[in-house]
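Peer 1: Take a look at the following structure, please.
Laboratory data are not the source of any read-out in this text; all were calculated from the coordinates shown. Note that this is a predicted model, so its numbers are computed, not measured. Cβ atoms come from the backbone with ideal geometry, glycine included; neighbour counts cover every protein chain shown.
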Amino acid sequence: MQVLREIPFDLDSPSLMKRAHVAQNCADAVEFERFVQAARSVGRPKAGYREAFIDLKGEQTVTIEGITFTSRILRKNLEHAERVFAFLVTCGRELDQVAVDGDDWLAAFWWDLIKGELLSVAIRHLAEHLDRKHLLPQTSSMHPGSGDAAVWPIEQQRQLFALLGEIPEQIGVELTDTYLMIPNKTVSGIRFPTENSFRSCQVCQRSACPNRAAALDEALWATVWHE
Ligand code: SF4
């Protein structure tokens, strides 16, 4: 198990303002900059991971260090893998200590955007760390609940958190009874070496998603239910 607590970051105010549709040199810009400064001063993005080895592969299950995951796509993606990296990355609980008026939807939207930026920094930091330290070839990741619901059901967060062991507590992440994570800008998953890159968007039918990063792969999507 390894925990990364010292993740360097910088926040580019002009670029964040552009994404938030805040014009520079206006009253909103002053307020937005105040949020950015708050994030700079208290933000502590973090990540943790555990290298784990596959015990057993079933028809639609994979058992990793005694914990069984059920997902045909995960099973397919791990066809040639022997080890994986279970990981958890977060913007950091410190950001939730900053007082943001929950009734002010614009302020809440800005703060969520800034939190998301810190999460992105931490995701990149972990990926670079894993590649460098473990000399990984091409890798992809899967996340419970990402893509169509049946791909890797979100309920399997329970198994993933069991595999992560003490990492959630070490980096201040909590899993709720409804399988959501606190802080909200947190990502959990399994990273694995693969010859064919995989993205959850390939098995997600949400056509109107503005964040789609890969086209729907009908053939791959069909394997969610059967080979
Ligand atoms: S298409 Fe959108 S909702 Fe679906 S997996 Fe990709 S980013 Fe997520």
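Peer 1: Please list, in chain and number order, the residues 5+ apart from GLU174 or on another chain whose amide H is under 5 Å from its amide H, with Hs placed from the backbone.
Peer 2: ILE182
Peer 1: For ARG124 and ASP55 in one chain, what is 0.36 nm times their gap in residues minus the Cα-Cα distance, to one decimal in nm?
Peer 2: Taking 0.36 nm per residue and subtracting the Cα distance, the gain is 22.0 nm.
Peer 1: How many Lys pairs in the chain lie less than 22 angstrom apart by Cα atoms, where the lysines are 8 or more positions apart or on different chains?
Peer 2: Numbers: LYS18/LYS115; LYS18/LYS185; LYS46/LYS115; LYS46/LYS133; LYS46/LYS185; LYS57/LYS76; LYS115/LYS185.
Count of close lysine pairs: 7.
Peer 1: Give the span of the range 58-175's Cα atoms along each principal axis, as three whole-Å numbers ordered largest to smallest.
Peer 2: Taking max minus min along each principal axis of the Cα atoms, the range 58-175 gives 49, 33, 25 Å.
Peer 1: How high is the relative contact order of the range 2-222, in percent, with contacts defined as C-alpha pairs under 8 Å that are six or more residues apart?
Peer 2: On the way: 360 pairs, mean separation 50.5, N = 221.
This gives 23 percent for the range 2-222.
Peer 1: If you don't mind, another one. If I model a spin label at ASP177 and ASP217 as a point 7 Å from the Cα along the Cα→Cβ vector, what separation in nanometres do I get?
Peer 2: 3.8 nm
Peer 1: Another one. Over the range 129-227, calculate the relative contact order: mean separation of alpha carbon pairs under 8 Å at least 6 apart, over the residue count, as a percent. Write out the running numbers ahead of the final one.
Peer 2: On the way: 106 pairs, mean separation 32.2, N = 99.
This gives 32 percent for the range 129-227.
Peer 1: Right, here's the next one. Can you give the calculated 222 nm mean residue ellipticity of the chain, where each DSSP H run of n ≥ 4 adds -39,500 (n - 2.57) and the sum is split over every residue, rounded to the nearest 500 deg cm²/dmol?
Peer 2: Values: 7 runs with 76 residues, N = 227.
That calculation yields -10000 deg cm²/dmol at 222 nm.
Peer 1: Stretched out fully, how many nm does the piece from VAL30 to ASP112 gain, at 0.36 nm a residue minus the Cα gap?
Peer 2: 27.8 nm
Peer 1: Rounded, prolate or oblate for the range 170-209? Axes are the square roots of the Cα gyration tensor eigenvalues, ordered a ≥ b ≥ c, and the cut-off for rounded is a/c under 1.5. Don't jump to the answer; show the numbers that get you there.
Peer 2: Details: a/c = 3.13, a/b = 1.46, b/c = 2.14.
Because a/c hits 1.5 or more and a/b fails to exceed b/c, the range 170-209 counts as oblate.
Peer 1: Enumerate the calculated ³J(HN,Hα) couplings along the range 97-107 in order (Karplus 6.51 cos²θ - 1.76 cosθ + 1.60, θ = phi - 60°), each rounded to whole Hz, writing x wherever the residue is Gly or Pro.
Peer 2: With the stated coefficients, the range 97-107 comes to 7, 6, 6, 10, 5, x, 7, 8, 4, 5, 4 Hz.
Peer 1: Another question, then. Only Cα pairs under 8 Å and at least 6 apart count here; give the relative contact order of the range 17-146 as a rounded whole percent. Walk me through the intermediate numbers first.
Peer 2: Values: 135 pairs, mean separation 31.9, N = 130.
Dividing the mean separation by the residue count of the range 17-146 yields 25 percent.
Peer 1: How big is the Kirkwood radius of the chain, worked out from every pair of different alpha carbons and given in Å to one decimal? If you can, show how the numbers build up before the last one.
Peer 2: Values: mean 1/r = 0.0532 Å⁻¹.
Kirkwood hydrodynamic radius for the chain: 18.8 Å.
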